[in-house]
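A.B. asks: Okay, handing you the structure first.
The values are calculated or read from the model by the stated rules, or taken from the named source; none is laboratory data. Only a predicted model underlies this, so the values are computations on that prediction, with no experimental measurement involved. Cβ placement follows ideal geometry from the backbone for every residue including glycine, while neighbour counts extend to all protein chains displayed. With ligands, DNA and RNA removed, areas are computed over all heavy atoms of the protein, side chains included. Shrake-Rupley method; radii C 1.70, N 1.55, O 1.52, S 1.80 Å.
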Amino acid sequence: MLGMTGYEAFTPSSSSESLQLHEAIVSQSQFVTAQVKSIHFEHFHQAWPFLHVPTFAPEKQTDLLTSAVANLSMWMQNASHHHLVPYEINQELTRALMPTITEEGLTENQSADITLPTLQALVVTLTYAILGDAPASTLNWAAQWTDIATFTFRRLGVLDDRWHPEQHLQSADERWVQTEEMKRLVYAVLRIDTYLCIILDRPPTMRYQEIRPPLPVSDDLWRAETRADRTNLHWYEPTVRTKSAFSTMIYDGLESRGFIPGDLRVPHLTLEDNHFSLCAFMSEIWCVLKEAHDEHHRTFRSPELNRTADRIKLWKGYLQDLRVHIEKTDKLEDTFFGGFIGNCNHFLGLNLTLYHLLCLKLYANMRLLEHSKCCSGCPEANIENVISIWARSSDGRQAVYHAAQLKRIYERESNVYRLNDQSLCNVLGPASLLNSTIVLCTYSAKASRVNTPDGDTVMAAAADAIELSQSNLVGTPEFENWISQGGPATVDGVALHPFSVPRFSSWHRDRLETRPVYSSRLVTFLHTLKF
């Protein structure tokens, strides 16, 4: 019954069959509503708060939305079950969106017939598609439909903050709920676009400059059960938060170099808001790195010596400034590693993960490290030389620090969350672990020429090494001296040395064994790694 997508599932041949079909659809809608409002969906709503639970009701659902939520519900009950997008849902999305998009490409008309529930069904399905052990085909499907979702938002005027629900037969409260739901779909797609950019190494589709809607309202207001509660809580929403365009907020934050707490141009940001800010950085960082890597490919020089060095340095500064701001307002690292995180905000680990992944992209050419080439025309001898130079640089040491922190974050979440809860809370977990492995193993493989000036291949004593799996390490004299001068280092007590590569690779391979997309890439990388 959960696989049914509507009247298209089968054609009734009698009034009796038609009545049975209607009753089945109503029953499924009621079941899905109960699931959405149940405690079992609480982790989903915390991690992906775009459905308005207080007003979610059978009569407001379409068959497509019902089927999409039912499909997600089945996965949440059994995280090992996955993971192709059901054929019926794909067909319904195609029928609902593709003809309109094709027509608009020719006529430039508005997509007035694309409804909010249709877009909600799409985003629910996109969320399902990137969770857990999704195969490469499902991730590629999600990437294509993320592009379609972004195109549709543009055509509807959602990104320009010009979309409004229909006025007739709705109260002001209902219109407010629908406007907020549509806005939250935009931010959900921004997140999905960023995640797929990292997972698939693809260019992002959405840029922060085009996102005009303000940030989502506070969690208390969004979860308010009654219209009276929502009306009362509206008075406590900061005006600068509800009226400031997201694109303007990010621009002003970058101009002030650091999202300075108390700056009138930048409202107080929650953990979720800070996550949107990190996602907004993705498209800009991608463009800067694309230019840097292209020039690096042409000249085989260090990126710090080419004309893009200033822009890379600028974005390193932006990331560090935002991290400092988050630590001041939310004590991100101490909260995540200091106590029990089971009941903490889901964006704690996700923000740390995304921050370190973005830093990895700035300090290491991940495509070059993983494949030992950036394209088919790269000379092998030069590539090995480039990697060796990187491993001896301060950029290489910075990358190793971020890789060690990603390993630490993944371990922490693995020890706290169940499998499906971990997938919901941190979609980027497996990708972060793969990137961590690539950097740690590559650096360790070159460490005999890194750790000591004379190239001594004997591992340094643990007492002489800096341990990178620590909290609040950045800014300490020990860390800053190691970044600038180099020297021996350890991760969880294991020295960064060629002898340790099998140990690092074995640990990471065991954790990624149930994730075929990532484990296959890890195996391929290890086969090409040169000592």
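A.B. asks: For segment 148-189, list residues with backbone N below 17 Å from a point placed 7 Å from the Cα of residue 233 toward its Cβ?
C.D. replies: 173-185
A.B. asks: Another question, then. Rounded to the nearest 0.05, what FRET efficiency do residue 492 and residue 38 give with R0 = 30 Å and r taken as the Cβ-Cβ distance? Could you check?
C.D. replies: Plugging the Cβ-Cβ distance into 1/(1 + (r/R0)^6) gives 0.15.
A.B. asks: Roughly how many nanometres apart are two label points built 7 Å out from the Cα toward the Cβ at residue 113 and residue 219?
C.D. replies: With each label placed 7 Å out from Cα toward Cβ, I get 4.1 nm.
A.B. asks: Now for a different question. Roughly how many Å² is the accessible area per residue of segment 138-214, as a whole number, for a 1.4 Å probe?
C.D. replies: Ligands and nucleic acids excluded, the result is 36 Å² per residue.
A.B. asks: Right, something else. Among 290/530; 183/290; 60/183; 316/373, which pairs are too far apart, with a Cα-Cα distance over 27 Å?
C.D. replies: 183/290, as the Cα separations exceed 27 Å there.
A.B. asks: Work out how much length residue 170 to residue 329 would gain on full extension: take 0.36 nm times their residue separation and subtract the Cα-Cα distance, in nm to one decimal.
C.D. replies: Working it through step by step, the gained length comes to 53.3 nm.
A.B. asks: Give me the net charge of residue 411's neighbourhood, meaning all other residues with Cβ under 9 Å from the Cβ of residue 411; Lys, Arg count +1, Asp, Glu -1.
C.D. replies: +2
A.B. asks: Show me 156-163, 423-430 ranked by packing, highest mean number of other Cβ atoms within 10 Å first.
C.D. replies: Ranked from most to least packed, the peptides come out as 423-430, 156-163.
A.B. asks: Give me the one-decimal nm value for the distance between modelled label points at residue 310 and residue 91, 7 Å along each residue's Cα-to-Cβ direction.
C.D. replies: With each label placed 7 Å out from Cα toward Cβ, I get 5.8 nm.
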